[in-house]
Structure formats: structure tokens, C-alpha cells
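Okay, structure first, notes after.
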Amino acid sequence: MITRSRPAPICRGVLWAVLGLAVSVSAQAQASSADAVEPAPEGATPVQWDQGFAAVSIELLRMGGWDVIVDGDSATARNPDGTVLRVGASSPFALRDDELLQLADAPYRRDGVFFVPIQLLGELAGEPVTLGASGQATLAAAPDAAPDRLVVIDAGHGGRDLGALGYDGVREKDVALALTLELRRALEKRGYVVYLLRETDVFIPVWSRGALATERRLGRPAVFLSIHANSQPGHRQTRGFETYVMAEARTEHERRLAAIENASAPPTVREGSADDSGLSFILGELVNLDHQHWSAHLASLVQEELAAVHPGPNRGVKQAPLAVITNALMPSVLVEIGYLTNAAEEKLLAEPEFHVAAAEALATAVGRFFAGYPPANEPRSVGNPE
């Protein structure tokens, strides 16, 4: 059995030393600015905003004893404890040993300096960095009593994006939201921390949803569920439920589903393939890590539990390159709860009683999953979760 352990974070004092150096580097520029802001509070620092987000030079890690090597559009930093950090310009990801980190934005080079988002320093210190209105960066420790199990739920579509439509007018976005609200109730009753990407009829870009889920994790064991309803116009007899994980599509059915759900994603993702270099990178990293493995396990539990309350056929676990769960760096699934183009299932999906039953089933699946899922910051098995 192979185990993995998270490397020790740099200490809080080292992070403050790094931020303090940034103060001395930028103080003169700040003083001469026509738009000078009020003096920074003690322990805070102005940061670079020239790319539209807060960034600092990766060279500042040397203050913490890191050895930093910049080679063209990539940079590698090595900590004395053996931790190796790798980042690349234009890629919103970093590798800390074999752990994939989602960055607030992509690193970049300017005037020979390699800049990384300030959020990365918070990741290395184990404490989030927040920014005030005046552009000052400060540490914001995670809540002392933060529960250690997080479930992020995405109610598919929303706002101007109606999703699938039933022949009697039932809309996918409404079904997804109704079920999501019931699922929150069922999970909170069981003691989980629940975060909804939307709890009203609003539009959220599909590509940003997984990234938003990742931002809420804060090192906790977490799962991401995206709730949807299926459709197949011209095949009104098709019915049942299925759960998707992030991987390349294998069948025409999986490619069709990916095309439908990725309709508002960038064109390279709408194609339903992983030929785009960015998507290929993400798929490769998910294979190397255990997220994809655990996602498949979660999907199988979802299917098992829904089978007890859903009258339609169990259509099984499927896979496709779905934009909505691409950037969620945690076990993630997309649940297709039924077919709105089937008359019987359209009626079923509009019933509040079914929303309650399906939510309880999904909450039970999540509970079964967490019973075997290793906590964050502890050794993880890459073997069979069962």
C-alpha cells in the first residue's frame, strides 16, 4: 500500500517575513504614486496588481530558506524540509510535491520577474491571505472550530441558462435548485458543512464552478456534487439516472452529454474532447492524484443509494470531460437525476416529495463516502477505497 503525507507548511513567521520584504521593496513606489493609499497597518503589505490580481515575486520565498530557480516560463522552489514547489506561467495550477494546488490566477513573468498569486503564500503557510479595500494583504486564519467535512453543491444552470426543458415546461435549472436546497437540509442535519454555489436563480459561468468549490475547501476533506436533469429529445422513452466523473468520454452518449452540459464553456471544452492542452494537463494531473479514483467511488455510492428511491433504471457511472467539475480539486461528480424528456420522469422531477427522497439518498451516499475517505493532512491510501 502506498501512502502520501502532506508536507509541513512554512511557518507563519516566515510568511510574515516574506510579506515584510515586499513592503520594503514597494514602499518607495507607493510613496511616489499619485493614487497613494493610506499607510498599511502593521503586518500588512501592498502587492502587485498589474495583471488584475494580487501577486508577489516568487523570489521572496528565499526569505523562508527556499531555493528558487526560474527557468523561462517555469519556476521551481525547494524547501529545506524536502518540499518541492513547481509553477508555470499561464497555468492556474501549482504542484507541491505530488499535490495539485488551484491558484487564484495564473503566474506570469514581467520585466524578468516571475510573479505568483499572493494566495500561494497562504497555501504554503496553511493560512488564507485576504486583501483589504486598499490593496493590503493580511493573513486570515481559518475558523478555529471549522468542522472537518465539507460538501459543496452546484445547482446546475441558473439565470439565463435554463438547462434542459421538459415537454410540459419543467426546467432543469428549477429541478436542480429544488433538489440542492433539500440536499443542504439533509446534509446539515447530519452535521456536515454545506456550501451552495447558488441558492437562487442566478447565472454562474460553468467553467468557474469547480474553481469556486476548490476555494472553499481550506484544507478540509471535501466533495463536490453538481446536480442536473437529463434530456434526449426524440427519444421520449429514455429514462433513469446516471452519475458522471471527470475523464475522457468513451461513448457517443457520454460525448452528447458533455456537449450539452458544456454549452456555455469555452469552445475547446465544448468539443467534448481532451485535446486542448489545458484540459489535457488537468486530466493528467487528476489521473496522477487520487481525486479521479475517489470520484468514481463516490459516483458508485450515489448510484446505489438513488436506486432505492428512483423508479427509473440505474444507468450506471459514466465519464466525460465536464467543465463544471474540471477545476474542483476534490472528489467530484455530476448527478443526472432523471430525464425531463420522459413524460413520467418530468412529472417525478417536479414533485417535492421526490426532491426530499432523492436528497436523503444523496446525503446517505456522501456519508458512506466520508466513512472511508481519509481526512486532509493525514496519510492517504491510493489503494482500493473499499
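Can you tell me the FRET efficiency between Arg190 and Val84 if r is taken as the Cβ-Cβ distance and R0 is 30 Å, rounded to the nearest 0.05? After rounding, the FRET efficiency stands at 0.20. Computed from the Cβ-Cβ distance with R0 of 35 Å, the FRET efficiency linking Asp71 to Asp148 stands at 0.35.
Percent of accessible area on segment 174-213 owned by carbon and sulfur, 1.4 Å probe? On segment 174-213, the fraction of accessible area on carbon and sulfur atoms equals 56 percent.
The values are calculated or read from the model by the stated rules, or taken from the named source; none is laboratory data. These figures come from a predicted structure and were not determined experimentally. Please note: Cβ atoms are built from the backbone with ideal geometry, for glycine as well, and neighbour counts cover all protein chains shown. SASA here: full protein model, heavy atoms, side chains in, ligands and nucleic acids out. Shrake-Rupley method; radii C 1.70, N 1.55, O 1.52, S 1.80 Å.
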